[in-house]
4 protein chains.
Amino acid sequence: MKTLTDAETTLAELKTRVLAFAKERDWEQFHAPKNLSMALAAEAGELMEHFLWAETNASREIVRDPAKRAKIEEELADVVIYALEFANIAGIDVAAAIQRKMAANAEKYPVEKARGRSDKYTDL
Amino acid sequence: MKTLTDAETTLAELKTRVLAFAKERDWEQFHAPKNLSMALAAEAGELMEHFLWAETNASREIVRDPAKRAKIEEELADVVIYALEFANIAGIDVAAAIQRKMAANAEKYPVEKARGRSDKYTDL
Amino acid sequence: MKTLTDAETTLAELKTRVLAFAKERDWEQFHAPKNLSMALAAEAGELMEHFLWAETNASREIVRDPAKRAKIEEELADVVIYALEFANIAGIDVAAAIQRKMAANAEKYPVEKARGRSDKYTDL
Amino acid sequence: MKTLTDAETTLAELKTRVLAFAKERDWEQFHAPKNLSMALAAEAGELMEHFLWAETNASREIVRDPAKRAKIEEELADVVIYALEFANIAGIDVAAAIQRKMAANAEKYPVEKARGRSDKYTDL
């Protein structure tokens, strides 16, 4: 089996694989947007659990720890799988949605005002 | 500006854009895995809020409602942006991680056992 | 050991027990509000996992299922434990905060307008 | 109106108030455990949003900031309100559940082993 890489894999290819997995198992009946949003949030919670008690910067080490890294990659994969399946079911083009959102973010957080600051745009 | 589409956009292209946005604003200092996992979970929570009180199937209509759809696309975009930035910071190849996770899922949920069932694999 | 009950236990008693547990283990150093908010959200995610693929009404049965009920009670307990410890660390009187929030909610959701409707107050 | 305080308010009193609020608005139809668990997780996400980019210890200051404190108290109140309503609908005695969970935690995290350590019990 060919190994997928971010450099060569489009969003559409991943979405197709995720959808095929669900279709083969007749799981589309369970994949209502409500349920997928819950599953996504639950997986995001599991990803967070790796960092609960760590200092912010120490979390940069945790993701390099081989024993923990494999689990962290799995949780992140679960998050993106559910996000892509949500996009499948809702008919959302993820790349286009991200492009639009980043354009909006660029207006809310202009470089000269936002540089080096973590404040919300309403406080800049 | 060219419109991005899932059909033509690789994961790597999106990751590069997300990282560039953070770098321009000198935000990498804030983008520890711990913080990104929190932001991801918080955005997943916002996505869920659109479906809190709806019946499961009614949520399929909500994502078609033009007034709500724009907001839902934005929340999903936020989720994926933070997931990609997490992958940037942690050095994770998302496509490869998803491929591995789906292979593991295929073993836990063989088609013949899992078809039409939403049970956890430990209950199949 | 006396069994605690909601009828006879004040919030303050529970808060004191939760704080004592942390103090005995010298865990207050880890119990920054940021960390406790993450732990709370992660536990809320675990509670949700029991209901991901169920129809809304079927979830009313799930909580009656003896095998699942014990786990669900544990997840709910975890949520409230972290909420109370957050209140301990932040110096928040939970009962007073709830009273204030419910008064605000009563103004946003007057009985005559909100009866039988799940709309957000901005849509009533 | 008498101001409620943690020192004088039992869990049962708060649960009764929360249930009465829902009953008056005929909202019990929406308060399935599935929906309440989602609302709880979404509110936990909102609480987290106050601390996303802060250093762990800086979050101890954020909860003292008068401008932010009022909002933080509201989010915590929302979390506990939904937890109590979940307990109402599921018929869970919160104090008893917490007592049982803390007894289990005390076995997993004995004082002599857990003191000053944030490791998961499986790593102690």
Practice item. Over the residues of the protein assembly as shown, compute the C-alpha Rg and express it relative to 2.2 N^0.38 Å. Key: 0.95
Check your understanding: D:E107 to D:E24: extension gain in nm, 0.36 nm per residue of separation minus the Cα-Cα distance?
Key -> 25.6 nm
Practice item. Specify the residue with the greatest mean-square fluctuation among D:V63, D:V111, D:V80, computed from a Gaussian network of chain D linking alpha-carbon atoms under 10 Å apart. Key: D:V111
Review point. B:D65: accessible area at probe 1.4 Å, nearest 10 Å²?
Key: 50
Review point. Placing +1 at every Lys and Arg Cβ and -1 at every Asp and Glu Cβ, with all other atoms neutral, what dipole size does the range D:11-116 have around its Cα centre, in debye to the nearest 20?
Key: 400
Review point. Considering chain A as a Gaussian network with a 10 Å cut-off on Cα pairs, which listed residue, A:A44, A:A54, A:A22, attains the greatest mean-square fluctuation?
Key: A:A54
Study note, to complete from the structure: Per the rotation taking chain B to chain A, min distance Cβ-to-axis on chain B (residue, whole Å) equals B:A44, 2
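Over 30 Å between Cα atoms, which of A:K2/B:K108; A:K34/C:K71; A:K2/C:K71 qualify? Please report the intermediate quantities before stating the final value.
Working: A:K2/B:K108 21 Å; A:K34/C:K71 23 Å; A:K2/C:K71 41 Å.
Beyond 30 Å: A:K2/C:K71.
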**Study point:** Solvent-accessible area per residue, Å², over the protein assembly as shown with all protein chains present [probe radius 1.4 Å]
**Key:** 43
Check your understanding: Tally Lys and Arg at +1 and Asp and Glu at -1 over the other residues with C-beta under 9 Å from the C-beta of D:E43: what net charge comes out?
Key -> -3
Review point. Treating the beta-carbon of each Lys and Arg as +1 and of each Asp and Glu as -1, no other charges, what is the dipole magnitude of the protein assembly as shown about its Cα centre, to the nearest 20 debye?
Key: 0
Check your understanding: Label points 7 Å out from Cα along the Cβ direction at D:E61 and D:T16: separation in nm?
Key -> 4.4
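Rounded to the nearest angstrom and ordered from largest down, what semi-axes does the equivalent ellipsoid of the range D:1-73 get from its C-alpha gyration tensor (root of 5λ)? Before the final figure, lay out the partial values.
Details: eigenvalues 167, 74, 20 Å².
Semi-axes, largest first: 29, 19, 10 Å.
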Exercise for review: Express in whole angstrom the spacing between the alpha-carbon centres of the range A:22-77 and the range B:31-54.
Suggested key: 12
Revision key, fill the gap. Per-residue average of other protein chain Cβ atoms inside 10 Å, peptide B:87-94 -> 6
Review point. Build a GNM of chain D with springs between Cα atoms under 10 Å: which of D:A41, D:A70, D:A20 gets the top mean-square fluctuation?
Key: D:A70
Review point. Regarding chain C, what are the three Cα extents along the principal axes, ordered largest first, in Å?
Key: 49, 37, 31
Exercise for review: Name the aspartates and glutamates eligible as straight-distance cross-link partners of D:K113: C-alpha to C-alpha under 13 Å, and not fewer than 8 places from it in the same chain.
Suggested key: C:E24, C:D26, D:D123
Check your understanding: At C:G116, with labels set 7 Å past Cα in the Cβ direction, how many nm apart are the copies from this one, shortest first?
Key -> 3.7, 6.0, 6.4
Study note, to complete from the structure: TM-like helix rule applied to chain D (DSSP H, alpha carbon span at least 18 Å on the long axis, mean Kyte-Doolittle at least 0.0) gives D:11-24, D:33-49, D:66-90
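The values are calculated or read from the model by the stated rules, or taken from the named source; none is laboratory data. These numbers were taken from a predicted model, which means no experiment stands behind them. Virtual Cβ from ideal backbone geometry, glycine too; neighbours counted across all protein chains shown. For the accessible areas, the whole protein counts, side chains as well, though only heavy atoms, and no ligand, DNA or RNA atoms are used. Shrake-Rupley method; radii C 1.70, N 1.55, O 1.52, S 1.80 Å.
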